[in-house]
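The values are calculated or read from the model by the stated rules, or taken from the named source; none is laboratory data. Please read these numbers as outputs of a predicted model, since none were measured by experiment. Every residue, glycine among them, receives a Cβ derived from its backbone with ideal geometry; neighbour counts consider all protein chains shown.
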Amino acid sequence: MEYTIARTTDSDQNGMPKEPGAINGGMLQRQDPVKAPVITISVDNMDQAAATIEKNGGKIIRPKMAVGDMGFAAYFKDTEGNVVGLWQNA
């Protein structure tokens, strides 16, 4: 996967921002279902978050997938059709 990391703040040895509320991220080539920048939410339990999303009318559009040894990502559409990402650290 071609992925470019974008850092806006200092990171720890795991690549996580050192300051609470700070944002780092990355970019990859546009592909279905993600064709625009996406806000991604960090969650402790991806499966529980996905179940809550679907219970409240959202739809998982790319199920949980491993991202190397860093963690897991998934994407969903909210009830207004916005694509939002989920991230769970490994």
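A few points about this structure:
- In the set (1) without any contact (Cβ under 8 Å) to a residue 24 or more places away in the chain; (2) out of contact with any Gly (no Cβ under 7 Å at 6 or more places or on another chain), the condition left unmet by Ala6 is number (2).
- Tabulated pairs, the range 30-46, first free of Cβ contacts under 8 Å to residues at least 60 places away in the same chain, second basic (Lys, Arg), C-beta under 6 angstrom, 6+ apart or interchain: Pro33/Arg62; Met46/Lys64
- Checking Pro33 against (1) farther than 19 Å from Ile5 by Cβ; (2) surrounded by fewer than 10 Cβ atoms within 10 Å (Cβ to Cβ), the condition it does not meet: (2)
- Yes/no for Ala22 being of a type in the set (Gly, Ala, Ser), in a loop (DSSP other than H, G, I, E, B), farther than 18 Å from Asn89 by Cα and modelled with pLDDT of 80 or more: no
- Output for the range 69-87, where each listed residue is within 20 Å of Tyr3 (Cα to Cα) and either out of contact with any strand residue (DSSP E or B) (no Cβ under 9 Å at 6 or more places or on another chain) or not assigned by TED's automatic domain parsing to the domain that holds Val38 (or both): Asp69
- Only residues that are part of a helix (DSSP H, G or I) and of a type in the set (D, E, K, R) were counted across the range 40-71, and they come to 3.
- Condition check for Lys77: touching a helix residue (DSSP H, G or I) at 6+ places or on another chain (Cβ under 6 Å) and of a type outside the set (Gly, Ala, Ser): no
- Checked against the criterion of being surrounded by 11 or more Cβ atoms within 10 Å (Cβ to Cβ), within 14 Å of the chain's Cα centre (by Cα) and outside the structural domain of Gly81 (by TED's automatic domain parsing), the candidates Gly15, Gly25 yield just one match: Gly25.
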